[in-house]
Structures are given as C-alpha cells and as structure tokens.
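Report on the structure given below.
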Amino acid sequence: MLISDSLIPLSQCLVYMVIISIVLISVSVWALIKIKGLEKEKLSGKKIVMNSVLFFVMMFFCFLIQAFQIPVPYGTSVGLIGAALVTIIFRSPWAALLVMTPVVLVQSVFGYGGITTIGANLFTMGIIGGISGYYTYVLVRKISPEHQNLLTIIGGFLAGFVSLIMIGISTTLELVIAGTFPLVESMKFIFIYSMVAGLAEGLMTALACVGIVIYKIKIHKQKPTTAQSNPP
C-alpha cells in the first residue's frame, strides 16, 4: 500500500523519514551484531551465505508481488506485501524493515509510490506490517506446544491477514493526519479492500509456512540417521 508524492506534506514526510532512519540504523547495528555472533558458531560461513542469499530472494519476491497493486479511492492502492512472511522466515519483527527498504527505494524510482513518501511507506510496510505480523504468529504458536506444525500454518495465515489490515489502517491514518482525506470515508474504503487483500496475503503466508513445516519434518527425520552413521 504505497502513498504517492504530494499526498503528505513535506514536513510530515520529514518526520517519517527521521523515524525510519533512526530505527533502520538501530536494526542494522543489531543485524551486524547477530552476524558477528554467528562467526563463533560451527558452520557460521554457511549460515551467513544462506541467510544472505535468502535475504535477496525475499527482497526480489516482495518486489515481484508488490508490482501487482490495485488502485483504490483516496490516493493509495492495495496488494500483497510479504512483510509477515519475511519476519517468520528470519524470526524477527525487524527483518521486514530491512527487506522492504531496498524494495520501496526501487519502487519509488520506477514510479510505484513516491520519493518524498518513502519514510511513510516504510513506516507502514516495514515497521507496522512487520511487528503486527510477527507477534500475531508468535502468539498463535504459543497456544499449544503439542500442535506446533498446525499452529505454524494457522499462525502464518493470521499473521499475513492481520499485517495487511494493520498496514491498511496505518496508511489511512497517515493520510488522515496529513489532512488529505476524511477519516471515515477513507477508512471504510481501505479497510474493506484490506480485508479482501488480507485473505490473499494470509493464504500466501500459510502456503509458505506449509513448506517450512515440511522442511522441518524432513530435517527432523534425517537427524537420527546422521547420529547412527556417525557414532560418538
């Protein structure tokens, strides 16, 4: 859900950009500390390479799915985002901001969204979408330790659904605060469209979580075999 130029006053755009810059610098420092922590572990080089490749894959994936946006009234659009899926894969609510930053920057160059509204768009898609999606997923998985595989899939669906709705609401509030559009009318349109798009976002995230569950089951089955073939 990208906001175009001129819909938010430059003074407010500057505020969003300052917030994003502070958070992005903090998250980048955190990511570097995590990478340095991996260097102390075995197979650290392999993990770093795999996570780096996965980062670029998710960045390209998010750019691809966000290329298909449906224009809605009041100057914005709805479509798939991928924020919740990114946080689930990297197991951090801040991963969405790191992945969305280059995506939104490239989109602004090609005319998707605006240049002056980069901070506002990252605030909704990277921070609000990431936090709401990740913690929805975490809370659902805490319901029952005995049914983690099922809850991973359900949590993935709800994470995608909730994150997209929260992105829609926060985008609307940015426009309302800017004085661009009235609260009730814009909220009504964007919320309805967000609900529909949220179902698609939830389904996409749930399908990805099915793949994660299958991968974990496969790895779990291989562990006993590895232990038997390499006795202590």
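Here is how the numbers come out for the structure above:
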{"item": "Subset of the range 86-141 (residues that are surrounded by 19 or more Cβ atoms within 10 Å (Cβ to Cβ) and small (G, A, S))", "result": "A95, A96, S108, G113, G114, G119, A120, G126, G129, G130, S132, G133"}
{"item": "Among (1) of a type in the set (A, V, I, L, M, F, W, C); (2) modelled with pLDDT of 95 or more; (3) part of a loop (DSSP other than H, G, I, E, B), the one test that L2 misses", "result": "(2)"}
{"item": "First in the range 161-183 and among the polar types (S, T, N, Q), second anywhere and buried (at least 18 other Cβ atoms within 10 Å of the Cβ) and not in a helix (DSSP H, G or I), Cβ under 6 Å, 6 or more apart", "result": "T171/M1; T171/T76; T180/L7"}
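Table: residues versus (1) at pLDDT below 90; (2) over 21 Å from C209 (Cα atoms).
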residue	(1), (2)
S144	yes, no
H147	yes, no
T152	no, no
G156	no, no
G160	no, no
M166	no, no
L175	yes, yes
G179	yes, yes
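The values are calculated or read from the model by the stated rules, or taken from the named source; none is laboratory data. Remember, predicted model here, so these are calculated numbers, not experimental data. Positions of Cβ are generated from backbone atoms using ideal geometry, with glycine treated the same way; all protein chains shown enter the neighbour counts.
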